[in-house]
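> Have a look at the structure that comes next, please.
The values are calculated or read from the model by the stated rules, or taken from the named source; none is laboratory data. Treat the numbers as computed from the prediction; the structure is a model and nothing was measured. Cβ atoms come from the backbone with ideal geometry, glycine included; neighbour counts cover every protein chain shown.
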Amino acid sequence: MNTEQSVYHYFVDEAGDLNLFDRKGRVLLGTAGVSNVFMVGVAHVPDPESARAVLETLRQKLLADPYFKGVPSLQSEQKKTALMFHAKDDLPEVRREVFQVLPQLNVKVQVAIRRKAVLVREAQTLFRYGRKLRPYDVYDSLIARLFRNLLHKADENRIVFAYRGKAAQKESLAQAILKGKQNFTARWGEFYDKPTTITSGFPSEHAGLQIADYYLWALQRLYEVGEERFFASVARDYRLIMDIDDTRRKPYGEWYSDSNPLTPEKIQPSNRLDSSGSTT
């Protein structure tokens, strides 16, 4: 009889920002450097040690390549590509190499997306009632959604969150995970309480966080600027993408999966508010 316990490893990162207003209360959407969407993603990495070895082998290959000699981001003192892969900072040639190896790792990715034009309206409504839309509440609600249908699959779960500073207190994350379990119970009528370890770390410490970063960056490029090529190279690894605020067809949003593949044509524009406060 096989008594080996299954352990699932999850790595959580985010893309975009939750900047909605400036200090004078003016909406920041459309301002340079401010994203139109905020997304949180979780990458299930079946074998984190093997993934680490693959990425480290690639990094050493790139560092030894004369083509990259003298490139600042590949110098150890810069603490960028020489230390870890980070899609925003990596050279295009480096990104291409990383995207070529990612499909080998058998990663499964789920992402939850909020549109900031909708968050602006929610924040304005709460303000009229003397309340605030707190960034960590938005983040925690996405965590609860993402893990609702994940934590019952293995005998043990180990979750690593990308470090977010004071906003990422362990107790807050634990509560978000508990909420996800409660949502599962409410939906399916089954209760589960598998051992779950929660830690926070830096991408330089966990290859799984570097992997999550790349998948989120590819999806963000698709949503923000309509650039599909990065997403297309790893599209099969996205098991579920929840576009929560695209309620054109369903009140809970648009969900993309194998049965409803995401394409650029399906994405609802979300970069501004019209005079009525609706997204256009």
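> Restricted to segment 1-33, and to residues that are in contact with a Phe, Trp or Tyr (Cβ under 8 Å, 6 or more places away or on another chain) and of a type in the set (A, V, I, L, M), which residue is farthest from residue 85 (Cα to Cα)?
Restricting to residues being in contact with a Phe, Trp or Tyr (Cβ under 8 Å, 6 or more places away or on another chain) and of a type in the set (A, V, I, L, M), the top hit is 27.
> Now, a different point. Return the pairs, sorted by first residue and then second, in which the second residue is crowded, with 17+ Cβ neighbours inside 10 Å and polar (S, T, N, Q), the first residue lies in segment 15-41 and is free of Cβ contacts under 8 Å to residues at least 40 places away in the same chain and closer than 18 Å to residue 219 by Cβ, the beta carbons are less than 9 Å apart, and the residues are 6+ apart or on different chains.
Correct list of pairs: 17/35.
> Same structure, new question: So which residues in segment 209-237 are under 12 Å from the mean Cα position of the chain (by Cα) and either over 26 Å from residue 181 (Cα atoms) or not charged (D, E, K, R) (or both), if there are any at all?
209, 210, 211, 212, 214, 215, 216, 217, 218, 219, 220, listed by residue number.
> So which residues in segment 28-54 are exposed (fewer than 13 other Cβ atoms within 10 Å of the Cβ) and farther than 25 Å from residue 207 by Cα, if there are any at all?
30, 31, 32, 33
> Pairs needed: first member in segment 83-105, over 13 Å from residue 212 (Cβ atoms); second member anywhere, basic (Lys, Arg) and modelled with pLDDT under 95; C-beta distance under 6 Å; at least 6 residues apart or different chains.
89/80
> When you go through 197, 247, 185 one by one, which is the residue that is among the hydroxyl-bearing types (Ser, Thr, Tyr), at pLDDT below 95 and surrounded by fewer than 13 Cβ atoms within 10 Å (Cβ to Cβ)?
From the options 197, 247, 185, the qualifying one is 197.
> Every residue in segment 205-220 that is assigned to a helix (DSSP H, G or I) and more than 19 Å from residue 101 (Cα to Cα), please. Lay out the reasoning, then the answer.
Within segment 205-220, the subset assigned to a helix (DSSP H, G or I) is 207-220.
The one that is assigned to a helix (DSSP H, G or I) and more than 19 Å from residue 101 (Cα to Cα): 220.
> Are any residues in segment 221-240 in a helix (DSSP H, G or I) and among the hydroxyl-bearing types (Ser, Thr, Tyr), and if so, which ones?
Selection gives 223, 233.
> Sticking with this structure for a sec: When you scan segment 81-100, do you find a residue that is modelled with pLDDT under 90 and under 26 Å from residue 35 (Cβ atoms), even just one?
Looking through segment 81-100, none of the residues is modelled with pLDDT under 90 and under 26 Å from residue 35 (Cβ atoms).
> Do you know which residues across segment 142-158 are at pLDDT 90 or above and surrounded by fewer than 16 Cβ atoms within 10 Å (Cβ to Cβ)?
Hits for segment 142-158 are 155, 156.
> Every residue in segment 21-46 that is in a loop (DSSP other than H, G, I, E, B) and more than 19 Å from the chain's Cα centre (by Cα), please.
22, 23, 24, 25, 26, 28, 29, 30, 31, 32
> State the number of residues belonging to segment 102-141 that are within 20 Å of the chain's Cα centre (by Cα) and surrounded by 15 or more Cβ atoms within 10 Å (Cβ to Cβ).
Qualifying residue count for the region: 21.
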